[in-house]
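So the structure is just underneath, and the comments pick up after that.
Nothing in this text is a laboratory measurement; each read-out follows from the coordinates by a stated rule. Note that the structure is a prediction, hence the values are computed from the model and not measured. We place every Cβ from the backbone using ideal geometry, glycine too, and count neighbours over all the protein chains shown.
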Amino acid sequence: MAFFPRLTGRRPTLMATAALLATVTALATTAPAPAAAHSFLSMPLPISRLDGCRIGGVGGTPGHCPGPCPNSDFRPDTSSKNPAAIYRRGSQYEVRWTRNNHEGGIVRWAMVPVSEMWDMGSHERNAFHWSCWNINRFKCGAMDHNRDCYFDTSNMAFKDQLRIPNNLPDGDYVLGWTWYGGGEGPVGKQAIFGDYYDCSYVRVEGGNPLADKHIPTFSGDATGTCLSTVNRPGICKREPCAPMPYVRRRVPVEFEGGRHPPPIYASNFPNVATQYRYDYDYTVATQSVFSEAAVKPAGSSVRVRELRLVDINSNQIMWFADLTKPIKFGYDAKLSIMAEVSGPVKRVEWFINSRKTHQDTGAPFSIAGDFRDRFYEMKHAKTDRRMFITARAIGPDDHEDYLSTDIVFFKDGGVPSQYIGNSKRMALPEAARAARLAAGKFVRGRPPMPPAEAVVTADRTADANADAEAAAAPAATALARTAKVPAASVVHAAAAAPAEAVVRITKRATAAKAVARQATFAAKGTRQRRVAAAAVSPAA
């Protein structure tokens with residue numbers, strides 16, 4: 001880092017200014033590309049924000065991260081309670097790591113119990129796949145640049161399809177990523193890179209039947225080898241590596257001479273059972289998408305059930321916006337995000353890209369807060385980018401529950417200026433739209449519902465819910481017209497028994513009384529959708 005003399009007492013002369021500018025220009029043109037990070041795991045989300053877990057290093061402050069996982073700057077929204085990915089045995093999932101202007105080396109993947117994440121021997125015993133480091137090169141788009149290619153001057157990164165072994169019992173794990181033998185250039189060139197490590201919390205649930213063992217695998221390039229300076233971690237523990245090794249055609253030491261590592265047995269993982277059981281009818285095979293638990297975790301008191309988009313201009317919840325698909329919005333659109341929770345929640349903490357941005361202590365729990373039933377706009381930059389958003393609910397017993405998702409936002413000049421959504425089905429019939437707009441402001445802690453309108457608690461099946469609301473709209477509008485319900489009335493339905501629901505009526509008019517009719521709800525799949533209709537008569 002360069003330091004310049006401080007000029008005090010008077011404005012610098014023209015000559016001094018010119019000299020200073022020349023120095024700055026020289027430094028800017030001769031400084032190397034931002035490569036201090038070297039490489040790290042980018043998908044699934046790693047446990048730390050470290051841009052390179054290694055011992056020593058050149059350029060910047062030397063690090064002391066001996067592995068097998070990062071040891072500092074942990075992300076506050078990642079833990080075994082909130083895994084970055086949910087995997088099924090036998091399925092393939094995309095994994096990514098940063099290039100950061102470098103080439104060469106070997107990548108090792110291991111799956112270890114959370115209790116053994118700091119055990120180097122466990123990562124070595126449970127390593128299930130090796131590959132060349134610089135495989136499946138791809139160019140980042142605008143959505144993925146900050147995550148995968150931020151340090152790379154060519155805007156490139158690497159990825160692979162990782163098959164989850166069948167020998168892993170259901171439970172919580174740490175996915176270990178190790179890069180060693182890094183070195184640019186052809187065979188015979190020397191390189192200084194040390195060993196690099198990263199880790200991610202993941203969950204294995206379901207998939208293929210549990211197998212007794214897994215035979216580790218290695219995928220080389222077209223020659224069946226990789227360009228690498230070493231064939232195992234530990235030779236270059238520190239960076240710069242001394243003496244500097246040479247780039248050669250190599251395979252991992254475990255596979256030299258046609259050998260194979262010993263099998264990894266299911267008995268290696270006796271205590272990985274998780275408290276959570278997920279309903280796979282609603283779990284999709286993508287990163288960072290969580291479903292509602294089919295069985296409530298033992299001892300839990302609070303839950304984060306859904307994250308919902310909020311349209312600030314109309315102060316409406318976007319019930320049918322699917323956050324697992326790109327969200328497009330017009331140039332005048334303003335939005336926020338609300339967490340649907342259950343239980344005695346004391347507060348909800350919000351994280352954007354693993355940094356805490358807001359804490360809400362009263363319902364509705366939103367990412368930017370609210371005042372007098374009006375939501376504040378989410379101000380975080382969101383044009384043409386991917387955001388990892390987490391809501392963490394905390395109860396009076398300090399029990400916590402998480403819900404996280406990747407959300408992709410982009411502006412679209414081809415939609416109405418205040419449009420927010422991702423589906424053509426977002427446009428409701430005019431009767432339903434008019435009824436929603438007549439509902440007025442939010443009642444604190446409750447989503448807006450029009451008077452006597454059928455209340456639909458949406459699940460992830462957006463199209464089915466849109467059809468249900470469209471079908472219910474004419475009947476609901478007729479009920480509202482017959483009963484002459486004031487626009488200030490808001491009807492809420494909650495399940496009271498398997499065959500009926502009690503309709504709770506909140507009236508802002510001080511002299512109002514109400515009578516509620518019973519309604520029924522039906523179960524669909526493993527979730528229940530509650531539909532209630534109410535006719536309300538004003539007090540005499």
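Summary of values
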{"item": "Span from the region 123-176 Cα centroid across to the region 192-270 one, whole angstrom", "result": "13 Å"}
{"item": "Residues whose placed amide H lies under 5 Å from that of residue 87, excluding near-sequence neighbours", "result": "203, 204, 205"}
{"item": "Pairs from 213/237; 189/237; 334/382; 325/382; 325/411; 346/382 whose Cα-Cα separation, in the structure shown, is over 22 Å", "result": "213/237; 346/382"}
{"item": "Distance in nm between pseudo-label sites at residue 222 and residue 313 (7 Å out along the Cβ direction from Cα)", "result": "5.4 nm"}
{"item": "Under the Karplus curve 6.51 cos²θ - 1.76 cosθ + 1.60, θ = phi - 60°, whole-Hz ³J(HN,Hα) for region 324-338, x wherever Gly or Pro sits", "result": "7, 10, x, 9, 9, 8, x, 6, 9, 6, 10, 9, 9, 10, 10"}
{"item": "Förster radius 45 Å - calculated FRET efficiency between residue 72 and residue 259, Cβ distance, rounded to 0.05", "result": "0.75"}
{"item": "Phi to ³J(HN,Hα) by Karplus 6.51 cos²θ - 1.76 cosθ + 1.60 over region 75-91, Hz, x for Gly, Pro", "result": "6, x, 10, 10, 6, 5, 6, 9, x, 6, 7, 10, 10, 10, 4, x, 8"}
{"item": "Chain lengthening between residue 187 and residue 166 when straightened (0.36 nm per residue, less Cα-Cα)", "result": "3.8 nm"}
{"item": "Rough spin-label spacing in nm, given labels placed 7 Å along Cα→Cβ, for residue 372 and residue 332", "result": "2.4 nm"}
{"item": "Full-stretch length increase - residue 115, residue 91 - with 0.36 nm per residue and alpha-carbon distance subtracted", "result": "6.2 nm"}
{"item": "5 angstrom amide H check on residue 111, placed H, neighbours 5+ away", "result": "128, 176"}
{"item": "Residues whose placed amide H lies under 5 Å from that of residue 305, excluding near-sequence neighbours", "result": "340, 341, 342"}
